[in-house]
Amino acid sequence: MATFSLLEKRTASRHVRYRSARRLPFMPYGFVPAFGLLVLLWIGMGPFAKYVIEQSVIRSTEQVIETNDAGWAQAVVSGQQVWLEGQPATPMEGEQLVSLVRAARMPALFGDERPVTRVRARYGAPVTSTNPTRKPEWTFRVSDGILKLEGNVPDEVTRSSLAAAAEGLVDGQHIARVDDLLTVTHVADNPAYTEVALKGISAVGQCDQGVATFLNEEFSLRCELPNDGVPRIQQLIAQPLPIGRLGNVDILPNEAVATCDSSLADLLGTTHIEFALASAEIDPSSDDLLQSVADAAANCPGTLRIEGHTDSMGSANANELLGDARAEAVREALIERGIPADRLIAEGFGARRPIDDNTTAEGRAHNRRIEIRVVRASD
């Protein structure tokens, strides 16, 4: 029995030693972090790019097409690249859409960003017609001594006559140069349209900064000029149009604009319009201030822009919405106090335009503000 027991123990011992001599195969544990990075890279290049970044590109492109009435255009999106297809009425219209899509911005984690990195056009030939029904449209703009002519005219004779009228205004100081960007295309040929265009050139040529437009058969003008030039341009605008209708006309005397901006800045710079916390509800304590603002606005020329600004606390998207809502609330309050609705526009800027340090409570309080200013011709 003793011998058997010893043999059994030796057998068991050898068995144990045999098993302990076996080792696990080599395991490259250093590859685990690398594998994790590959997974993150796959997510970034796959689902995240597809369902977050690409969707942002799609939304921004669709918004630009809708805002600019470019229903002729179709967008093909891949990642952050966009191909525009369709048949623009003119090459200028197609190029403008490319620029607008490329410059579009969308709210992102660290503020507004441009989601589109590349835009390419795959346009077909412009649609032509032997019996044109489209009406001429144009925009004449003077800025920094340059008079720029853009738009559609029916023939080379019309283009030359408009360019010659603009060149006749060059004096080397007020207007130093004319940029003729008019396009000859298939639009209705009617001498009345040329007469309106000549009126637009004459009007905008009197402005230090200005823009005259004829879109959808509506003539509009925004013009900044010295006080002594106001009667002359008012007389020109008062003459009836041979075709189309008169739209919005803002004549902005330089002195009156400066006085208006200064008075509104003084009112809103020393005392803020107060709102409920994280809300667009105006506190009743601001009633007297709003009345003072309405009294000052009544003496201002042109159209006024009400700007809503916030601090940087919270998400960029939430701040944009809050700025919009607060600006609109002030607009409604001024309308209730007698300012015509068509003289007021509201726009929210969120935290994009701080005037103080957002890292301090005092700075954030300064950044939460409403500003009101005259819409300039250069805006």
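Return the loop-located trypsin sites (Lys or Arg not before Pro) in segment 57-126 (DSSP other than H, G, I, E, B) with at most 13 other Cβ atoms within 10 Å of their own Cβ; answer none if there are none.
Sites meeting the loop and neighbour criteria: Arg105.
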On full extension of the chain, what length is gained from Glu255 through Glu336, given 0.36 nm per residue of separation minus the C-alpha to C-alpha distance?
26.4 nm
Only Lys, Arg, Asp and Glu count, each charged at its Cβ (+1, +1, -1, -1), so figure out the dipole size of segment 158-230 about its Cα centre, rounded to 20 debye.
80
Express in nm, to one decimal, how much length is gained between Asp357 and Ala265 on full extension, taking 0.36 nm for each residue of separation and deducting their alpha carbon distance.
31.1 nm
Can you tell which of His272, Pro340, Ile237 lies farthest toward the positive end of the dipole of segment 190-342, using +1 and -1 charges on the Cβ of basic and acidic side chains (Lys, Arg; Asp, Glu)?
Ile237
Solvent accessible area, Å² - Glu66, 1.4 Å probe, full protein context
140
Inter-site label distance for Leu198 and Met313 at 7 Å from Cα along Cβ, in nm:
6.3
Taking 1 over the mean of 1/r across every pair of different Cα atoms in segment 152-208, what Kirkwood radius in Å do you get?
11.9
Between Gln81 and Asp228, what is the label-to-label distance in nm when each label sits 7 Å out along the Cα-to-Cβ direction?
6.0
Please get the size of the charge dipole for segment 192-272, origin at its Cα centre, with Cβ charges of +1 on Lys and Arg and -1 on Asp and Glu, quoted in debye to the nearest 20.
260
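Hull surface divided by four, with the convex hull built on the Cα atoms of segment 170-276: how many nm²? Before the final figure, lay out the partial values.
Numbers: hull surface 42.6 nm².
For segment 170-276, the mean projected area of the Cα convex hull comes to 10.6 nm².
Just check segment 224-376 against the gyration tensor rule for me: Cα atoms, a ≥ b ≥ c as the square roots of the eigenvalues, rounded for a/c under 1.5, and otherwise prolate or oblate depending on whether a/b exceeds b/c.
Values: a/c = 2.17, a/b = 2.06, b/c = 1.05.
Verdict is prolate for segment 224-376.
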If you average 1/r across every pair of different Cα atoms in segment 214-304 and take the reciprocal, what Kirkwood value do you get, in Å?
15.9
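Given N residues in segment 270-357, what is Rg(Cα) / (2.2 N^0.38 Å)? Walk me through the intermediate numbers first.
Values: Rg = 13.0 Å, N = 88, 2.2 N^0.38 = 12.1 Å.
Relative to the 2.2 N^0.38 Å estimate, segment 270-357 comes out at 1.08.
The values are calculated or read from the model by the stated rules, or taken from the named source; none is laboratory data. Please read all numbers here as calculations on a predicted model, not as lab measurements. Glycine gets a Cβ as well: all are built from the backbone with ideal geometry, and neighbour counts include every protein chain shown. In case anyone asks, the SASA skips ligands and DNA or RNA and just uses the protein heavy atoms, side chains included. Shrake-Rupley method; radii C 1.70, N 1.55, O 1.52, S 1.80 Å.
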